[in-house]
Amino acid sequence: MSPLDKPIYVTQPFLPSLEEYMPYLEQIWDSKWLTNGGPFHQELEKKLSNHLGVDHLALFANGTLALVTALQALRITGEVITTPFSFVATAHSLLWNGIKPVFVDIHPETFNLDPEKIEAAITPQTTAIMPVHVYGKPCHVEKIQKIADIYGLKVIYDAAHAFGVNYKGESLLKHGDLSTMSFHATKVFTTFEGGAIVCPDAKTKRRIDDLKNFGFADEVTVVAPGINAKMNEVQAAFGLLQLKHIDKAIARRREIDAQYREQLSSVPGIFCAPLPADTIYNCSYFPILIQDAYPLSREGLYEKLRQHGIYARRYFYPLISEFPMYRGLPSAARSNLPIAKTAADRILCLPIYPALENESIERVISIIKGK
Ligand SMILES: Cc1ncc(COP(=O)(O)O)c(C=O)c1O
């Protein structure tokens with residue numbers, strides 16, 4: 001790596017100026033209300049619900065606790081059908097609830113749970129399906145709901161990547177019984193750490209609000225063994241500030257997506273995952289598949305980019321089903337997950353974030369083109 005080449009990471013958080021953030025902090029210092037559903041927390045829940053076009057939303061300290069709590073809220077037990085091609089927190093949330101994950105293979109074009117393979121994995125113990133909108137691209141929500149309705153299963157979407165995604169004219173987050181979000185520093189919308197559960201009605205939100213606060217329903221009543229998963233005021237205030245800039249930030253992501261697509265689509269052996277149909281996409285990731293026609297393997301290109309200071313990421317490699325706490329499960333067998341295995345071995349996510357400069361994009365492209 002030449003000293004002139006500054007490192008380019010797969011993502012970089014969008015940080016508004018510190019000056020813009022200070023008045024929020026001053027307000028917190030004045031009020032001394034730091035957490036437990038303070039004014040910024042209340043305001044962010046309202047503003048985010050409006051922005052996303054959903055009815056109710058409960059903020060969380062992070063996306064993993066949102067997943068764990070969503071399962072608790074719906075009293076999910078037994079077995080849950082899920083994808084191996086995701087961040088490990090998806091399946092961990094099941095183990096934290098004493099639930100057995102059942103892995104089902106993915107679709108080769110969407111990288112999402114293949115709805116055609118779900119039914120064969122249903123047993124008398126199955127209580128729910130937990131699909132992931134991988135890279136923020138919509139799962140086949142209609143087919144999944146149809147299966148859930150036939151078998152009486154709940155659907156919890158891990159929508160950690162799907163901030164602001166609109167599918168067929170409405171928020172993607174409205175599908176399923178619940179959707180969970182992550183506002184981690186690597187996400188399109190961030191509160192440093194953070195997350196949310198999108199709830200269909202006020203009663204469900206109430207239960208979720210109790211569960212994220214130790215199970216307290218009021219000062220003296222504890223209704224469930226809840227957890228502490230509350231978002232604090234410093235995070236919520238930062239979320240309000242992010243929200244002011246989010247449209248501009250996503251617009252810049254869209255430009256970067258278009259530049260990569262234009263320049264890389266014709267490179268032999270580089271497959272750019274297509275933009276999803278009927279969707280206003282958030283351009284949260286730019287995944288490419290390295291195919292046989294490319295002169296390097298995925299590992300080869302990954303290493304070459306690193307030598308030039310470009311830190312693309314292999315999301316999602318290894319598959320969740322390969323980790324020690326999962327690999328003994330019958331559904332984790334590689335023969336059960338051939339599409340996911342191929343995707344994990346060939347995928348590479350390229351740098352994409354609002355502050356990524358055109359010359360950096362050109363640098364990434366020219367290395368991939370072998371120039
Ligand atoms: C698909 C997916 N699910 C869950 C999570 C967990 O979210 P958090 O890091 O906010 O706990 C993440 C990312 O971090 C994710 O990518």
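The values are calculated or read from the model by the stated rules, or taken from the named source; none is laboratory data. Computed from a prediction, not measured in an experiment: that's the story for all the values here. With ideal geometry, Cβ positions are generated from the backbone for all residues, glycine too; neighbour counts draw on all protein chains shown. Ligands, DNA and RNA are stripped out before the accessible areas are found, and what is left, the full protein with its side chains, is counted by its heavy atoms. Shrake-Rupley method; radii C 1.70, N 1.55, O 1.52, S 1.80 Å.
Data for the structure
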| read-out | value |
| --- | --- |
| Average projected area [Cα convex hull, the stretch 235-371], square nanometres | 11.2 nm² |
| Computed [θ] at 222 nm, helices only, for the chain once each DSSP H run of length n ≥ 4 contributes -39500 (n - 2.57) | -11000 deg cm²/dmol |
| Shape of the stretch 270-333, Cα gyration tensor, a/c cut at 1.5 | oblate |
| Separation of alpha-carbon centers, the stretch 59-106 and the stretch 142-196, rounded to whole Å | 13 Å |
| Share, in percent, of DSSP beta bridges within the chain that are antiparallel, nearest 5 | 60 percent |
| Cα pair distances exceeding 19 angstrom across the stretch 1-99, given as percent | 67 percent |
| Net charge of Cβ neighbours under 9 Å - reference Y302; Lys, Arg +1; Asp, Glu -1 | +3 |
| Cβ-placed point charges (K, R +1; D, E -1), dipole of the stretch 63-173 about Cα centre in debye, nearest 20 | 240 debye |
| Distance histogram in 10 Å bins (all Cα pairs of the chain, percent per bin) | 5, 24, 32, 25, 12, 2, 0 |
| Rounded if a/c under 1.5, otherwise prolate or oblate - the stretch 51-120, Cα gyration tensor axes | oblate |
| Fluctuation leader among S360, S17, S331 - the chain, Gaussian network, Cα springs under 10 angstrom | S17 |
| Listed residues A258, A273, A185, most fluctuating in the chain (Gaussian network, C-alpha, under 10 Å) | A258 |
| Spatially proximal aspartates and glutamates relative to K143 (Cα-Cα < 18 Å; intrachain offsets below 8 disregarded) | D105, E109, D114, E116, E119, D158, E170, D177, D278 |
| Accessible area in square angstrom per residue, the chain, 1.4 angstrom probe | 44 Å² |
| Proximal lysines relative to K244, as straight alpha-carbon distance under 30 Å, when same-chain residues fewer than 8 apart are discounted | K6, K32, K46, K47, K137, K168, K174, K187, K203, K205, K212, K230 |
| Residue among L67, T90, V141 farthest towards the positive dipole end of the stretch 32-181, charges placed on Cβ | L67 |
| Charge-dipole axis of the chain as Lys and Arg at +1 and Asp and Glu at -1 on Cβ define it, positive-most pick from H107, V80, A249 | H107 |
| Top of V134, V54, V198 by mean-square fluctuation, Gaussian network on the chain, Cα under 10 Å | V54 |
| Loop trypsin sites (Lys or Arg not before Pro), the stretch 149-212, which have at most 15 other Cβ atoms in a 10 Å radius of their Cβ (DSSP) | K168 |
| About the Cα centre, charge dipole magnitude for the chain (Lys/Arg +1, Asp/Glu -1 at Cβ), debye | 580 debye |
| Percent carbon-and-sulfur accessible area, the chain, ignoring ligands, DNA and RNA, probe 1.4 Å | 56 percent |
| Rounded Å value of the spacing that divides the Cα centres of the stretch 107-122 and the stretch 212-276 | 24 Å |
| Prolate/oblate/rounded label for the stretch 165-251 (Cα gyration tensor, a/c 1.5) | oblate |
